[in-house]
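The values are calculated or read from the model by the stated rules, or taken from the named source; none is laboratory data. Since we're looking at a predicted model, the values are computed, not measured. A quick note on method: Cβ atoms are made from the backbone with ideal geometry, for glycine too, and the neighbour counts reach across all protein chains shown.
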Amino acid sequence: MNFLIWSIEHGAWWGPNRRGYTTDVRAAGRYSYEVALDIVEDANVAWVNECLIPEACVQLAPPWDKLAALEARASKLEARLNAHARELARWEAEADS
């Protein structure tokens, strides 16, 4: 199981390889439990600055940069579905007459 480390002091995730911080959870470092615990214990000597969180408990943000393309595709699929629904309704009407 992988862990992410939240820095209370910096309001951000620890980056990969114990370097830097990021507010993008997708760019955060992933650490084994042993490494994460070591980091947190070292950082929390005077007061609580860091906490470790299992990756499974973190909801990854959707890829916002791809949202427009996904919306366009969804719109096209909806249009096709509506066209099929109209055609089906026409066939049903013909069958009833």
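Key figures for this structure:
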{"quantity": "Flag if Asn2 is touching a strand residue (DSSP E or B) at 6+ places or on another chain (Cβ under 8 Å) and surrounded by 10 or more Cβ atoms within 10 Å (Cβ to Cβ)", "calculated": "yes"}
{"quantity": "Entirely in the range 1-87, the strands (runs of 3 or more DSSP E) that have 3 or more residues that are at pLDDT below 90", "calculated": "50-54"}
